[in-house]
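The values are calculated or read from the model by the stated rules, or taken from the named source; none is laboratory data. Keep in mind that this is a model prediction, so the values were computed, not measured. As a convention, Cβ positions derive from the backbone with ideal geometry for all residues, glycine included, and neighbour counts pool all protein chains shown. Side chains are part of the model used for accessible areas, which takes the heavy atoms of the whole protein and leaves out ligands, DNA and RNA. Shrake-Rupley method; radii C 1.70, N 1.55, O 1.52, S 1.80 Å.
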Amino acid sequence: MCIRDRTRCQALIQQFDLITVREKSAVNLVKDNFNKEAGFVLDPTLLLSKDDYSELFDGKDLPNNKGIYTYILDNNDWKDKVVETAKTTLGLPQFSNQHNEQHANTKKTPSIEGWIKGFADADFVITDSFHGTVFSIIFNKPFISLVNVGRGASRFESLLDELELMQRLVEGYDKEKIVETILNPINKNSTALKLKALRKDSMSMLRYAINK
């Protein structure tokens with residue numbers, strides 16, 4: 001960003017009563033570049049519970065799946081190896097619900113409700129998507145997040161660090177580490193409590209700004 005643009009943005013940003021960011025690293029970025037305090041909050045999707053999301057697909061005619069749910073935006077060889085290792089280690093089939101080669105020659109696009117239900121149905125999730133990671137956490141599922149450098153890793157790191165789940169973040173194919181992560185259970189109660197506390201803080205900040 002050039003100096004002129006930064007100066008203009010700095011003046012405009014002062015007009016806001018509250019600036020919130022979903023990455024902790026962005027708090028200092030806003031302060032250093034725009035001389036404005038910013039608050040760290042959860043991504044908006046995390047402010048709702050799994051019960052809120054379940055209402056979207058409950059009672060709808062959608063497939064019931066079991067196994068390893070994959071939501072991968074950028075396929076490559078090492079991510080394929082992670083999936084194959086998980087299938088072998090867990091002895092489970094793979095299923096997905098996204099627009100890919102399966103739907104390439106049709107106008108059919110998987111529904112949002114079906115996509116979300118996939119997380120609810122899953123025994124395990126593998127994803128390189130931030131929101132794939134989010135919904136794995138919301139539905140309290142064991143998961144592996146594959147670092148998607150081109151799309152940015154800071155969102156993953158910020159969220160997983162807060163929930164003490166950084167060990168679920170994988171940057172490349174290391175079979176021993178992948179197997180260890182797959183077999184290492186998540187403390188679901190601890191994660192749920194940490195998420196509840198973060199939700200409360202985020203909502204309090206937003207309510208304060210609205211009622212100010």
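Taking the conditions exactly as written (in a loop (DSSP other than H, G, I, E, B) and aliphatic (A, V, I, L, M)), does Ile186 satisfy them or not? Criteria met by Ile186.
Is it fair to say Asp61 is more than 21 Å from Leu159 (Cβ to Cβ), in contact (Cβ under 8 Å) with a residue 40 or more places away in the chain and acidic (Asp, Glu)? Please lay out each step first, then the result.
Values: more than 21 Å from Leu159 (Cβ to Cβ): yes; in contact (Cβ under 8 Å) with a residue 40 or more places away in the chain: no; acidic (Asp, Glu): yes.
Criteria not met by Asp61.
Checking each residue in the stretch 136-172 for being touching a residue at least 60 places away in the same chain (Cβ under 8 Å), of a type in the set (A, V, I, L, M, F, W, C) and closer than 21 Å to Trp78 by Cβ picks out Ile144, Leu146, Val170. For the stretch 140-151, check the following and say yes or no: at least one residue is among the aliphatic types (A, V, I, L, M) and open to solvent by 10 Å² or more (accessible area, probe 1.4 Å). Yes, the conditions are met somewhere in the stretch 140-151. Checked against (1) farther than 19 Å from Trp115 by Cβ; (2) within 14 Å of the chain's Cα centre (by Cα), Phe139 meets all criteria but (1). If I ask for residues that are polar (S, T, N, Q), open to solvent by 60 Å² or more (accessible area, probe 1.4 Å) and touching a residue at least 12 places away in the same chain (Cβ under 8 Å), which ones from the stretch 173-212 would you list? Within the stretch 173-212, Asn184 is the sole residue that qualifies.
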